1. Among the helices (runs of 4 or more DSSP H) confined wholly to segment 13-122, which include 3 or more residues that are β-branched (Val, Ile, Thr)?
2. For segment 104-111, check the following and say yes or no: at least one residue is of a type in the set (Gly, Ala, Ser), at positive phi and at pLDDT below 90.
3. If you go through segment 313-354 one residue at a time, how many are at pLDDT below 80, assigned to a helix (DSSP H, G or I) and not aliphatic (A, V, I, L, M)?
4. Write out, first by first residue and then by second, each pair whose Cβ atoms fall under 7 Å of each other, whose residues are 6+ apart or on separate chains, and whose first residue, in segment 221-232, is in contact (Cβ under 8 Å) with a residue 12 or more places away in the chain while the second is of a type in the set (S, T, N, Q) and assigned to a helix (DSSP H, G or I).
5. For the structure I just gave you, tell me whether Asp293 is modelled with pLDDT under 80 and acidic (Asp, Glu).
6. Take the residues in segment 347-362 that are exposed (fewer than 13 other Cβ atoms within 10 Å of the Cβ) and in contact with a strand residue (DSSP E or B) (Cβ under 8 Å, 6 or more places away or on another chain); name whichever of them is nearest to Arg323 (Cα to Cα).
Amino acid sequence: MSAQRAPTGDRPLARDVPGWVADAAMAVVVALVLVSIVALSRVGTDHRPDPGAFIFVTGFGGVLLARRRFPLIVLWLSVVGTFAYYSLEYPPIGVALPVAGALFSTAERGWASWATTGGGVVFVVSLAFRVRDDPQPLGYLLGTESVSTLALIAAAISLGHGVYARRLYVAQQEKIARLNKVVEREHISRELHDTVGHGLSVISLQAGVARDALGDGNPTAAAAVDQVRMQSSATLNELRTMLRLLRSEPDSNSRGIDSLSDIGGLLAEGRASGLDITAHIDVAADALSPAVDATAYRIIQESLTNVLRHAGASSVQISVVVRDSVLAVTVSDDGTGASGTAVRSGGLGLTGMRERVEILGGRMDTESEGGFTVNVTLPARLEP
């Protein structure tokens, strides 16, 4: 008999309700219904129900507390318990009600065939005993009585299987969405490789040709061409690395791109340029997705570049921390001059930073009072 578990079977029906709360609620409802039936069975008679009957029916509810971890055990305990209950000649409670919760739970976990088997055993065995012992007419037992019992068993199994099928559908949709993201990233990476990558390759090649043509007659121009060639080659290598990241899963451990672990070299360059840099970086090694890690590095790099180009600043404070699964990056300087602030606020560098942050689901703000400050918040880990 095949069995398949739902990929999301451990999730509660409602995302904001813990699983144990749902289990406890089901257990209490089943126990209360069965206890009420036992109590009402002796109303208007001189006989009081045996206390054992109340303990027994409470057990039908209590066993459901383990329904998520041991659905098959709960099912067969409920089936055997139903037969034991009637063998002790306790007040009638029906044969479907004691096992309805177990049938639902088993089907909900993806074991519909076992639930059907358990329900069938209860129905057939109980019907056989009713036909043998019950004085009611056979037509009544095979008609209204059997149909109502069978309907309740079928409803419990159908409802449980429906919940299972819904969870399976949601899991499949999530998988499809992840695959669509991968396809989209691969498409973007191909477009970037075919356009930007080709352009950078041409620039590097032509710079090499220009350098050979210049020879040693113009050292200044030769140095500038060498810088163009070196920078275009370095940018092309970085583009290729970023394309590899773009083609990988969001949480893959791709390395080779700049990250916060490389921030020391960036700070050293800034200090060598005359900046007094104070940095507070409180980020665990595995706290960030690779794309977020690389973006944080780029934010600091671009901010320091803007400081050197436009700010006229002498000191820079950098803070990078993770709190409650959110990465916060702050870069502030003591630069002065309205013109410098205006250039930085409207520059393409900051525009590119903001776009990159927003693509990752973050937010970027700037402040220009008493210097210039860049504040960025990003999710520490991207959803797969």
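1. Numbers: elements: 19-40, 51-62, 71-87, 97-108.
Output list reads 19-40, 51-62, 71-87.
2. No: zero hits.
3. 9
4. Arg229/Ser204; Ser232/Ser204
5. On the way: modelled with pLDDT under 80: no; acidic (Asp, Glu): yes.
So Asp293 fails the test.
6. The selected residue is Gly361.
Condition check ((1) assigned by TED's automatic domain parsing to the domain that holds Trp20; (2) surrounded by fewer than 16 Cβ atoms within 10 Å (Cβ to Cβ); (3) free of Cβ contacts under 8 Å to residues at least 12 places away in the same chain; (4) over 30 Å from Tyr169 (Cα atoms)) across all residues:
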position	(1), (2), (3), (4)
Phe70	yes, yes, yes, no
Thr82	yes, no, no, yes
Pro91	yes, no, no, yes
Gly94	yes, no, no, yes
Thr106	yes, no, no, no
Ala112	yes, no, no, no
Ala115	yes, no, no, no
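The values are calculated or read from the model by the stated rules, or taken from the named source; none is laboratory data. Predicted, not measured: the structure shown is a model, and the values here were computed from it. When we count neighbours, we look across all protein chains shown, and the Cβ atoms used for this are built from the backbone with ideal geometry, even at glycine.
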